[in-house]
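Chemist: Just dropping this structure here.
Derivation of every value follows stated rules applied to the coordinates shown; laboratory data play no part. This structure is a prediction, so every number in the text was calculated from the model and none was measured.
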Amino acid sequence: MIASVSGEVAVRRPGEVVIETAGGIGYRLAVSAGTLASVPGVGGEASLHSHLIMRDDGMHLFGFASGSERELFLMLIGVQSVGPKVALAVLSGGAPRELLNAIASGDSARFQAVPGIGKRTAERIIVELRERVAGVVSDEITITRTSDDPLTIAREGLMGLGFEPAEADGLLDGAEGDTPEDLIAAALKAAR
């Protein structure tokens, strides 16, 4: 599998980039709007995480500015009725952290705004991915745990999702819940 592509940008247009590697091979990668914004203009050097999907009609390479964007893409294409093109459209709707927040807080309207996603698919994304997103948060909490206090664990979990310490404190101020997971869910809901 092709895990990353680095080289000179040969083509940069909405939805795709072509990166020419040192061997003279140009790789066309389908990208989200966020990734496209991070790619320099033609002639610049770029390095993208990638994922290759092989189908009967050919091989399709997808590029991502960050590993977290690629991981979210993989989660999305694992949901029934969400293919790679729809997953890229979802990723174009915001940063991975914002999309994870929308999943964790059950914000189906955020996903219904994406072309190609109706109410059922938006709800399916949330139902199928909410536990996996919570699992990611739980894993990060376990790794960084310095206290058994649910509020402290929730704060560390939010910081693991990319929130600054002051942001995490503000979101948890007034959040209700007895477990770190409940506190994180309440904080993410308030972040919308």
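Chemist: Normalising by the residue count of the stretch 1-157, find the relative contact order in percent from Cα pairs under 8 Å and 6+ residues apart. Kindly include the intermediate steps, with their values, before the conclusion.
Modeler: Numbers: 237 pairs, mean separation 24.1, N = 157.
For the stretch 1-157, the relative contact order is 15 percent.
Chemist: Another question about this same structure. In a Gaussian network model over the chain where Cα atoms closer than 10 Å are linked, find which of L52, L171, L129 has the largest mean-square fluctuation.
Modeler: Comparing L52, L171, L129 in a Gaussian network model of the chain, the most mobile one is L52.
Chemist: Here's a follow-up. Whole-Å semi-axes of the chain's equivalent ellipsoid, largest first, each the root of 5 times a Cα gyration tensor eigenvalue? Mind dumping the intermediate values first?
Modeler: Values: eigenvalues 225, 73, 39 Å².
So the equivalent ellipsoid measures 34, 19, 14 Å along its semi-axes.
Chemist: Per DSSP H run of at least 4 residues, take -39500 (n - 2.57); add these up for the chain, divide by its residues and hand me the 222 nm value, nearest 500 deg cm²/dmol.
Modeler: Values: 9 runs with 97 residues, N = 192.
It comes out at -15000 deg cm²/dmol, rounded to the nearest 500.
Chemist: Is the C-alpha gyration tensor of the stretch 4-65 telling us rounded, prolate or oblate? Criteria: a/c under 1.5 is rounded; beyond that, a/b larger than b/c is prolate, otherwise oblate. Don't jump to the answer; show the numbers that get you there.
Modeler: Working: a/c = 1.86, a/b = 1.29, b/c = 1.44.
In terms of gyration-tensor shape, oblate.
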